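If you scroll down you'll find the structure; I have some questions about it.
The values are calculated or read from the model by the stated rules, or taken from the named source; none is laboratory data. Here the structure is a predicted model, which is why all the values come from computation and not from measurement. Cβ placement follows ideal geometry from the backbone for every residue including glycine, while neighbour counts extend to all protein chains displayed. To get the accessible areas, we keep the full protein, side chains included, count just its heavy atoms, and leave off ligands, DNA and RNA. Shrake-Rupley method; radii C 1.70, N 1.55, O 1.52, S 1.80 Å.
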Amino acid sequence: MKVKIIKWNSVATWRWKIAYDDVCGICQVHFDGTCPTCKYPGDDCSLLSGKCGHNFHMHCIVEWIKQESSKGQCPMCRQKFEWKDNPALAAPTPA
Amino acid sequence: MASSNRLRRIAKELADIQSDTASKILAEAANGGSDLSHLHASFPGPPDTPYEGGTYVVDIQIPNEYPFRPPVMKFKTKLWHPNVSSQTGAICLDTLSSAWSPVLTIKSALLSLQSLLSTPEPKDPQDAEVASMLMKNPEQFQRVAREWAIKHANAPKTTSWETTIAHSPSNSKPKSQKVISREEQLRLEAARYQGYNKDLIDRFVNMGFDIDRVVEAFTFVNIDKNNGEDYELEEAYMGDITARLLGEP
């Protein structure tokens, strides 16, 4: 029997490679959701991992670091917050 | 925009507090309405303290910048405590000011307040009169704190706490210096270690140093608390601690 495919629809799901079942400590929204200022999750509202091992929505942690009272510290462990390059989180390069 | 985001988090936090019945913490919009930037919360006074059996109501104002700035909390219930103004209910607690972090929540802040009631810190007072009474006459402090709890916080007239005080042998000696309950003594003692393991600190105390100075030296050298567990210190750290202890009288 020969089958001729006329048309198909594909569906995909995604999630960040880290943080399976966790929320951003700052906005308390799931990592796969958006920070409070964004509308669409994903590359537009990415995550940032600290060298200390704590993750946040990038917009959330940047807002905190901007505050003078943050003293540049991670909200979780109060170590100096330095973000690390995480290939799993990097935006895919456009083809 | 920003304010609706803030409200979303507050609403979530309130739902979280409501679903947690074990902590006995209550929180709701102050005016019963939809304004979530002004809340009223309450928690029970911690056991084995003069505040036991009382209910403490806290007024909470949530700033526009929340959670990047701390909620502004003060006690609506009057209480006798060195870190709370006996007149205005204003609170002196670092987690509600300089040590605030956006991952803290209204619930965690209320738990910190509850714990503040168990561990008064007269050296960093909000109310100087209360603090000096706690240091000079702890028995009188306990009595007044209890009277205020009964009068203002609806604490019952007798609790297990008062039985402990009444039966503590030191209470029968009129001029005794240490007229605080055993539990209170143990807790004050534990507080002096500031989260360090007792045996770890005591190895230095046994050399003849005061506990507070040893703990200070540990903090100065930035020794890991290791979650209160005992462990072997590296020789370099031992040296630093000893140097600190011997160097500064």
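Sequence neighbours fewer than 8 away in the same chain don't count; with that in mind, list the aspartates and glutamates whose C-alpha is under 16 Å from A:Lys51.
Counting by Cα, and skipping residues close in sequence, A:Lys51 has these aspartates and glutamates nearby: A:Glu82, A:Asp85.
Here's another thing I want to ask about it. Can you classify segment B:182-245 as rounded, prolate or oblate using the Cα gyration tensor, where a ≥ b ≥ c are the square roots of its eigenvalues, rounded means a/c under 1.5, and otherwise it's prolate if a/b beats b/c and oblate if not? List each step's numbers first, then the result.
Details: a/c = 2.06, a/b = 1.57, b/c = 1.31.
Since a/c reaches 1.5 and a/b is larger than b/c, the shape of segment B:182-245 is classed as prolate.
Okay, next question. Hey, rough spin-label estimate for A:Glu68 and A:Val11, points 7 angstrom out along Cα→Cβ, what's it come to in nanometres?
5.3 nm
A follow-up question, please. Take the residue pairs B:Lys78/B:Lys123; B:Lys74/B:Lys157; B:Lys151/B:Lys225 and return only those whose Cα atoms are more than 31 Å apart. Walk me through the numbers on the way to the answer.
Working: B:Lys78/B:Lys123 21 Å; B:Lys74/B:Lys157 25 Å; B:Lys151/B:Lys225 40 Å.
Over 31 Å apart, Cα to Cα: B:Lys151/B:Lys225.
For segment B:2-167, what relative contact order do you get, as a whole percent, if you take Cα pairs closer than 8 Å and at least 6 residues apart?
Details: 282 pairs, mean separation 36.1, N = 166.
Relative contact order for segment B:2-167 comes out at 22 percent.
Here's something else I'd like to know. Starting from the Cα of A:Lys66, draw a straight line to each of the aspartates and glutamates and keep only those under 13 Å, dropping any in the same chain fewer than 8 residues away.
Straight-distance partners of A:Lys66: B:Glu65.
If r is the Cβ-Cβ distance from B:Ser98 to B:Asn227 and R0 is 22 Å, what FRET efficiency results, to the nearest 0.05?
On the way: r = 24 Å, r/R0 = 1.10.
Efficiency, from the Cβ-Cβ distance: 0.35.
Simple spin-label model, 7 Å along Cα-to-Cβ: B:Gln87 to B:Gln185 in nm?
Between B:Gln87 and B:Gln185, the label points sit 3.7 nm apart.
With a ≥ b ≥ c the root eigenvalues of the C-alpha gyration tensor of the protein assembly as shown, is it rounded (a/c under 1.5), prolate (a/b larger than b/c) or oblate?
oblate
Pop a pseudo-label 7 angstrom from the Cα along the beta-carbon direction at both B:Asp124 and B:Glu65 and give the gap in nm to one decimal.
Using points 7 Å along Cα→Cβ, the separation is 2.0 nm.
How high is the FRET efficiency from B:Arg143 to B:Thr242, r the C-beta distance, R0 51 Å, rounded to 0.05?
Values: r = 43 Å, r/R0 = 0.84.
Efficiency at R0 = 51 Å is approximately 0.75.
Does chain B come out rounded, prolate or oblate, given a ≥ b ≥ c as the square roots of the eigenvalues of its C-alpha gyration tensor, rounded meaning a/c under 1.5 and, failing that, prolate meaning a/b above b/c?
Working: a/c = 2.28, a/b = 1.28, b/c = 1.78.
Oblate.
Would you be so kind as to list the residues of segment B:52-77 that have their accessible area lowered by at least 30 Å² in the full protein complex compared with their chain by itself (1.4 Å probe)?
B:Phe68
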